[in-house]
Amino acid sequence: MEKQTSWMDRYSRQILLPEIGGIGQKKLGKSSVGLVGANSISQPFFLYGVGAGVGKWGLLDPSLSSANNLAFQAKSRNPNIEVRVYSPKNLKEDIESWVKQWSIVIDASNNHVIQQKLTSACQLTRTPIISAGCDGSTGWILQAPCPFCLTSTPPLHSTKNQKNWVENMVPGLIGSILAQHAILFLLKPPKIASPQLTNFTADTYTLLNKIPYKDPNCPTCHITS
C-alpha cells in the first residue's frame with residue numbers, strides 16, 4: 001500500500017477536481033471492474049481507468065497473452081492496483097458468480113453472443129454493465145442493455161464506405177469515452193441504470209448521447225427500469 005504522501009502525489013490533480021476530491025478518489029480505489037475483451041477498445045479504457053486509480057480489475061479474454069500484456073502494462077503504470085486475468089471458461093462455468101464480484105462489468109468483446117450472456121447474468125445478479133463495440137466508422141456504448149432487446153434494436157451501423165484511417169480511429173475514441181463514462185458511474189452510481197445508447201459516427205463526427213435504448217414492447221425493460 002502506498003504511503004499517504006505518495007498517494008496524494010499520484011492523484012493530486014484528480015483530487016483537486018470538485019467532482020472527485022479525496023472522497024471520490026478513495027471510492028475509485030475501492031471500486032472493481034470486470035473487463036471482457038483485450039482489444040483496441042478496451043486498451044485505452046483500461047489504461048485510463050488504471051491511471052485514474054480504480055483499484056481492482058479482472059481481465060477476461062480468449063487470448064490470455066493479450067490479457068496478460070494489458071495486465072503487465074497496468075502494473076507498470078500503477079503498481080498499487082490489483083489485476084487478475086481470467087480465461088473464457090470462467091464465463092462457461094459460473095458466469096453469475098464471476099460478474100457479481102465486480103462493482104461494474106465492462107463488455108468490450110464486440111461479440112453479440114458474449115454480450116447477451118453477460119447482460120443476462122448482470123441482470124440476474126443486479127450487477128451494472130456497460131457494453132461497447134464498433135463497426136466500421138460507427139461505435140457505440142450501451143449502458144445497462146436489456147438482453148431481450150439487443151436483437152430488436154441494434155446500434156446504428158456504419159455506411160461501410162469510409163477510408164481505413166477513419167475506421168481505425170473509432171475503437172480508440174470509443175474506449176476513451178467509455179473510460180469517462182465508467183469512472184463517472186463508479187463515482188456516483190445511479191439508483192436505477194436505465195438502458196441508454198451513446199452512438200458515435202466518425203464520418204459525420206456525430207455523438208448522440210443518452211438515447212433511451214429499449215423495445216417498447218419488451219416487458220422486461222419496463223420491469224427493470
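The values are calculated or read from the model by the stated rules, or taken from the named source; none is laboratory data. These figures come from a predicted structure and were not determined experimentally. Note that each Cβ is placed from the backbone with ideal geometry, even for glycine, and that neighbours are counted across all protein chains shown.
Considering the range 1-56, the residues that are assigned to a helix (DSSP H, G or I) and of a type in the set (D, E, K, R) include one that is surrounded by the most Cβ atoms within 10 Å (Cβ to Cβ), namely K27. Among residues that are closer than 28 Å to Q25 by Cα, modelled with pLDDT under 90 and not hydrophobic (A, V, I, L, M, F, W, C), P79 is included. Of the residues screened, S65 is one that is of a type in the set (S, T, Y), closer than 25 Å to G133 by Cα and loosely packed, with under 13 Cβ neighbours inside 10 Å. Looking across the range 164-216 at every residue that is at pLDDT below 90 and of a type in the set (K, R), the one that is surrounded by the most Cβ atoms within 10 Å (Cβ to Cβ) is identified as K214. The set of residues in the range 182-205 that are farther than 12 Å from A144 by Cβ and aliphatic (A, V, I, L, M) comprises A182, I183, L184, L186, L187, A202. Screening the range 57-143 for helices (runs of 4 or more DSSP H) wholly inside it with 3 or more residues that are among the charged types (D, E, K, R) returns the ranges 89-99. Pairs meeting the criteria (first residue in the range 70-82 and surrounded by 11 or more Cβ atoms within 10 Å (Cβ to Cβ), second residue at pLDDT below 85 and acidic (D, E), beta carbons under 8 Å, at least 6 apart or on different chains) are N80/E2.
Within the range 106-141, the set of residues being surrounded by fewer than 23 Cβ atoms within 10 Å (Cβ to Cβ), of a type in the set (A, V, I, L, M) and in contact (Cβ under 8 Å) with a residue 12 or more places away in the chain comprises I114, A121, L124.
Here the range 96-115 is the region considered, the condition is being among the aliphatic types (A, V, I, L, M) and modelled with pLDDT under 90, and the residue that is farthest from S176 (Cα to Cα) is V113.
The residue that is nearest to P171 (Cα to Cα), counting only those in the range 191-206 that are in contact (Cβ under 8 Å) with a residue 12 or more places away in the chain and assigned to a loop (DSSP other than H, G, I, E, B), is A202.
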